[in-house]
Amino acid sequence: MDGRVDLLGLDEAGLKAFLADLGEKPFRSRQLRQWLHQRQVFDLDAMTDLAKSLRAQLAGRVRIGLPEAVFDKESDDGTRKWLVGLDSGNAVETVYIPERERGTLCVSSQVGCALDCGFCSTGKQGFNRNLSAAEIIGQLHFAAQALEREGRGRRITNVVMMGMGEPLANFRNVIAATNLMVDPYAWGLSRRRVTLSTVGLVPALYRLADHSHISLAVSLHAPNDALRDEIVPINRKYPLRELLPACEHYLDNTPHRCIYWEYVMLDGVNDSPEHARQLISLLGNIPSKINLIPFNPFPGTRYNASPRDRIMRFADRLQKAGFITTVRRTRGQDIDGACGQLVGQVINRRNRGKQGAGRATAP
Ligand code: SAH
């Protein structure tokens, strides 16, 4: 780092504070966001409605840059995955999932992950560092430019923070980047179309309600503490009796009407009729949509995918109990682009117990 500010990662509040330090008026923040995020112009000299003196000041103080693609792959089903190169050999993965009505970008928030959920290959990679806000929003720029070059009319209509990493363990940077995603003078996506998926870091969930109103998906994966302790180890720190009230608090304090629960279907582990019954009673009256995720295997995993008919029967039980339940369509499996298959390149992994495990940075 050379001391210059990464302009791309500053949200409205961040830009205003930065401009105030330069003695500039706050409305310049809107112009800059429009140049950077709407027109995707990174050349200060091309920002013709900014005074020359401001452009000269910025030139010495800021950096505007995108990471490079190390490679990209396209799946038979059209899913596209980029390996995005960062510093010193690290890389994260970004996945674009085209559907008839929408195009969803799955964005990473950390190099690796510290949480070590047993069924997720990102967890097996260990943890290196948090992504900066510029590196997170940069994935939208990067993908939008690549899709534009393709000329097939594909666009990013939705974003899910479901790539590598635990977004709430990188709170400040994820908030700045998601603010830009929903900012009408930046990416302008509706907050219903930007979803943060978390393993459930309880204190950070309460803070999220104060700082952001994007959609919330929670990786539940088990209907009781004994099983969740095993599958999602952070549950030992933030058990269900703390997690569920934090989720209800989010609904009570944001405009959202339901929580999206993710539940990966593991053969013989969490997929029995009894598990379905427990799940129904656990979620009780919390407004919920349940997304069952077929397990995507990876080398070295001890889990197997539940058979399709068992997943459908599980879904049926939840539906009969009144829960809107969907089974996630697995996309991009042939290019290792499906849920839990993103590994990127994690150099110099540190002790995963030290970072991210429930320690969310305050905004
Ligand atoms: N750390 C965040 C976001 C990343 S994972 C979270 O845990 O929510 C996005 C989703 O994919 C999570 O629900 C995760 O549990 C699920 N997932 C991880 N590994 C998987 C695998 N091998 N097969 C299917 N889904 C997986």
Is it true that ARG30 is in contact with a helix residue (DSSP H, G or I) (Cβ under 7 Å, 6 or more places away or on another chain), of a type in the set (Lys, Arg) and on the phi < 0 side of the Ramachandran plot? no
With at negative phi, among the hydrophobic types (A, V, I, L, M, F, W, C), at pLDDT 95 or above and within 8 Å of the ligand (Cβ to nearest atom) as the only criterion, which of VAL264, VAL269 stands out? VAL264
Scanning the stretch 272-289 for residues that are touching a strand residue (DSSP E or B) at 6+ places or on another chain (Cβ under 6 Å) and surrounded by 18 or more Cβ atoms within 10 Å (Cβ to Cβ) gives SER288
Selection count, the stretch 91-121, where residues are away from the ligand (no atom under 11 Å from the Cβ), of a type in the set (S, T, N, Q) and surrounded by 21 or more Cβ atoms within 10 Å (Cβ to Cβ): 1
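One line per residue, one yes/no per condition, for (1) polar (S, T, N, Q); (2) out of contact with any Ser or Thr (no Cβ under 8 Å at 6 or more places or on another chain):
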residue	(1), (2)
ARG192	no, no
VAL199	no, no
SER212	yes, no
SER215	yes, no
SER219	yes, no
ALA222	no, yes
ASP229	no, yes
PRO239	no, yes
ASN253	yes, yes
Counting only residues that are at pLDDT below 95 and closer than 20 Å to LEU342 by Cα, the stretch 145-161 contains a total of 1
Quick one: would you say ARG257 is closer than 29 Å to ARG39 by Cα and away from the ligand (no atom under 16 Å from the Cβ)? no
Would you mind stating whether THR254 is touching a residue at least 12 places away in the same chain (Cβ under 8 Å) and closer than 18 Å to PHE119 by Cα? no
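Within the group ARG257, ARG302, which residue is closer than 25 Å to CYS247 by Cα and not small (Gly, Ala, Ser)? Let's see the steps before the verdict.
On the way: ARG302 fails: closer than 25 Å to CYS247 by Cα.
Result of the check over ARG257, ARG302: ARG257.
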Which of the residues belonging to the stretch 290-318 are within 16 Å of the ligand (Cβ to nearest atom), of a type outside the set (S, T, N, Q), farther than 11 Å from CYS120 by Cα and buried (at least 16 other Cβ atoms within 10 Å of the Cβ)? ILE290, LEU292, ILE293, PRO294, ALA305, ARG310, ILE311, PHE314, ALA315
Quick check: anything in the stretch 70-88 under 13 Å from the mean Cα position of the chain (by Cα), modelled with pLDDT of 90 or more and either crowded, with 23+ Cβ neighbours inside 10 Å or not charged (D, E, K, R) (or both)? no
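Against the condition in a helix (DSSP H, G or I), under 24 Å from ARG193 (Cα atoms) and away from the ligand (no atom under 16 Å from the Cβ), how does HIS249 come out, does it pass?
Details: in a helix (DSSP H, G or I): yes; under 24 Å from ARG193 (Cα atoms): yes; away from the ligand (no atom under 16 Å from the Cβ): yes.
Yes: the conditions hold for HIS249.
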Filtering the stretch 298-314 for residues that are in contact (Cβ under 8 Å) with a residue 24 or more places away in the chain and more than 25 Å from GLY165 (Cβ to Cβ) leaves a count of 7
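The values are calculated or read from the model by the stated rules, or taken from the named source; none is laboratory data. Since the model is a prediction, treat every value here as computed from it, not as a measurement. Cβ: placed from backbone, ideal geometry, glycine included. Neighbour counts: every protein chain shown.
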